[in-house]
Amino acid sequence: MGGEPASSVRERLTHAQPQQRELSITRKKNGGSAGSDWKFMGTVFTHVSSGNNSLWGVNNAGAIYHRSGISDATPYGTRWDRVAGSLLQVSVNSVNNEVWGINANSVVYRRRGITATNHMGTSWQAIDFIEAKWVSVGQAGVWTTSNTNEVFYRTGTGNGVGGEGIDDTHGNGTEWQRVPGSLTQVSVSSASNYVWGLNGQSVYRRMF
């Protein structure tokens, strides 16, 4: 999921059937090294994604949670806040905390209203694409893989730090562009235009 400059998250996750596994969240101290230990942060999650002082998670029922109060003074945050809606997977851009997700009906959603002082945002907006199973957002924009392993890029959401034009005015991009290839999962870096993908047990990197 993009880069995670302030923390690292250990996941126990089955991507093909995310609702059937549970994840215990821990936070690793980093500071440019492997850190020294793991701190327990919560349980009963199937997927998590972190941004800049922002952590999101979903559980096996599709409930969405945001970890509030993360700062230099309180690096582990202060509480889990329930966010309205239902998602199976979520992706956070570590640069600007932009959040995208996919629900049980394979519909892609984008979180609106996220600012430097409001990491939770205000509402979800459905994007005109169905049959998606994985989404990732980063500097190279928003990328998805479909239930048939097709790869799509959301035009108008990349080529800049945090994604050019990703805000409440322009953040949806313009259309889904089919990208040649077949992937089951995709991961977009938050610090570069690198896009990585998984097909079976093989890892691929998109060349630009």
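Which residues, counting only those in the range 120-136, are in contact with a Lys or Arg (Cβ under 7 Å, 6 or more places away or on another chain), touching a residue at least 40 places away in the same chain (Cβ under 8 Å) and surrounded by fewer than 19 Cβ atoms within 10 Å (Cβ to Cβ)?
The initial filter retains those residues of the range 120-136 that are in contact with a Lys or Arg (Cβ under 7 Å, 6 or more places away or on another chain), namely 121-125, 127.
Filter again for touching a residue at least 40 places away in the same chain (Cβ under 8 Å), leaving 124-125, 127.
Q125 - this is the single residue of the range 120-136 that is in contact with a Lys or Arg (Cβ under 7 Å, 6 or more places away or on another chain), touching a residue at least 40 places away in the same chain (Cβ under 8 Å) and surrounded by fewer than 19 Cβ atoms within 10 Å (Cβ to Cβ).
How many residues does the range 47-77 contain that are under 22 Å from V142 (Cα atoms) and either free of Cβ contacts under 8 Å to residues at least 12 places away in the same chain or in contact with a Lys or Arg (Cβ under 8 Å, 6 or more places away or on another chain) (or both)?
Of the range 47-77, the ones under 22 Å from V142 (Cα atoms) are 47-58, 62, 64-66.
From the residues that got through so far, the ones that are either free of Cβ contacts under 8 Å to residues at least 12 places away in the same chain or in contact with a Lys or Arg (Cβ under 8 Å, 6 or more places away or on another chain) (or both) too are 54-57, 64-65.
Residues in the range 47-77 being under 22 Å from V142 (Cα atoms) and either free of Cβ contacts under 8 Å to residues at least 12 places away in the same chain or in contact with a Lys or Arg (Cβ under 8 Å, 6 or more places away or on another chain) (or both): 6 in total.
State the number of residues belonging to the range 37-82 that are polar (S, T, N, Q) and at positive phi.
To start, the set of residues in the range 37-82 that are polar (S, T, N, Q) comprises 43, 46, 49-50, 52-54, 59-60, 68, 71, 74, 78.
Then keep just the ones that are at positive phi; that gives 53.
Matching residues across the range 37-82 total 1.
Would you point out which residue out of G85, G77 is more than 11 Å from V135 (Cβ to Cβ), at pLDDT 95 or above, surrounded by 15 or more Cβ atoms within 10 Å (Cβ to Cβ) and over 14 Å from the mean Cα position of the chain (by Cα)? Spell out how you get there, then give the answer.
Values: G77 fails: at pLDDT 95 or above.
Selected residue: G85, the only one of G85, G77 that is more than 11 Å from V135 (Cβ to Cβ), at pLDDT 95 or above, surrounded by 15 or more Cβ atoms within 10 Å (Cβ to Cβ) and over 14 Å from the mean Cα position of the chain (by Cα).
Scan the range 78-119 residue by residue and report those that are of a type in the set (V, I, T), part of a loop (DSSP other than H, G, I, E, B) and touching a residue at least 24 places away in the same chain (Cβ under 8 Å).
Residues of the range 78-119 of a type in the set (V, I, T): 78, 83, 90, 92, 95, 99, 102, 107-108, 114-115, 117.
The next check asks that each one be part of a loop (DSSP other than H, G, I, E, B); those that pass are 78, 95, 107, 114-115, 117.
Result: V95, V107.
Restrict the check to the range 55-71 and report whether at least one residue is touching a strand residue (DSSP E or B) at 6+ places or on another chain (Cβ under 9 Å), modelled with pLDDT under 90 and either basic (K, R) or surrounded by 14 or more Cβ atoms within 10 Å (Cβ to Cβ) (or both).
Within the range 55-71, none of the residues are touching a strand residue (DSSP E or B) at 6+ places or on another chain (Cβ under 9 Å), modelled with pLDDT under 90 and either basic (K, R) or surrounded by 14 or more Cβ atoms within 10 Å (Cβ to Cβ) (or both).
The values are calculated or read from the model by the stated rules, or taken from the named source; none is laboratory data. Since we're looking at a predicted model, the values are computed, not measured. Note: ideal-geometry Cβ built from the backbone for every residue, glycine included; neighbour counts use all protein chains shown.
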